[in-house]
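Okay, structure first, notes after.
The values are calculated or read from the model by the stated rules, or taken from the named source; none is laboratory data. A quick note: this is a predicted structure, and the numbers were derived from the prediction, not measured. For neighbour counting, all protein chains shown are included, and Cβ atoms are generated from backbone atoms with ideal geometry for every residue, glycine included. Surface accessibility is based on the protein's heavy atoms, side chains included, excluding ligands, DNA and RNA. Shrake-Rupley method; radii C 1.70, N 1.55, O 1.52, S 1.80 Å.
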Amino acid sequence: MSRVTKEINRISIMVIGLSGRLIAYAFVLVLLIFGIRRAYEFGHSIFYSPGMEEKPGTEKTVTITGEESIAEVGQILEDAGLIRDSLAFTIQAMVYEYDVQAGTYELNTSESSKEIIKILKNAPAEETEAAE
């Protein structure tokens, strides 16, 4: 092999290596951007969780047996269309020290997760009506 061929091969290998590193850096940057965006959206859903609908919303009745975990209550609420993210609800419930209480609750789709947790912490609707 001539000296020129060796030099061309060396330059080609260097260009290919540089291109590979640039592609790897671009891939890491894209993953980082998507990860940061998803983390922001999740944090936003925890600290600011508006209702599913504008006021007046839709009334929904949810029955909780009292044997569910907080995560299961979150899933029940998500399935009923009252909250967007059951995981965010679970974290909020832990922050607001919510303990699962059995009962039937009247909830509205215009209520935020924080408002729903406040309602769930109080006596269920059927117990309040029975007392009156």
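Side notes on the structure shown:
- Selection from A26, Q101, I46, by position along the positive dipole direction of the chain (Cβ): A26
- Remark: the stretch 32-47, residue by residue, has Karplus-estimated 3J(HN,Hα) of 5, 4, 5, x, 5, 4, 5, 5, 5, 4, 5, x, 5, 5, 6, 8 Hz, where x stands for each Gly or Pro and the curve is 6.51 cos²θ - 1.76 cosθ + 1.60 at θ = phi - 60°.
- Taking amide H as placed 1.01 Å from N in the peptide plane, the amide H of N108 sits under 5 Å from that of K60, each at least 5 places away or on another chain.
- A simple rule links phi to the HN-Hα coupling: the Karplus curve 6.51 cos²θ - 1.76 cosθ + 1.60 with θ = phi - 60°, which for the stretch 5-16 gives 5, 4, 5, 5, 4, 4, 5, 4, 5, 5, 5, 5 Hz, with x for Gly and Pro.
- The order of the peptides 53-63, 92-102, 30-40 by mean Cβ neighbours within 10 Å, most packed first, is 92-102, 53-63, 30-40.
- Estimated dipole of the stretch 19-65 in Debye, rounded to 20 [Cβ of Lys and Arg +1, of Asp and Glu -1, Cα centre]: 300
- Area accessible to solvent at E72, 1.4 Å probe radius, in Å²: 90
- Rounded to the nearest 20 debye, dipole of the chain from Cβ charges on Lys, Arg, Asp, Glu: 1960
- Options T65, S2, V15, ranked by Cα towards positive dipole end of the chain, top entry (Cβ charges): S2
- Principal axis dimensions, the chain - Cα atoms, whole angstrom, descending: 100, 31, 21
- With Cα atoms, 0 to 90° folded angle of helix 70-79 axis to the chain main axis: 90
- Crossing angle, helix 86-95 versus the chain [Cα axis fit, 0-90 degrees, rounded to tens]: 70
- Whole-number percent relative contact order across the chain, with pairs defined as alpha carbons under 8 Å at least 6 apart: 26
- Lysines whose Cα lies under 18 Å from that of K121, excluding same-chain neighbours fewer than 8 positions away: K60
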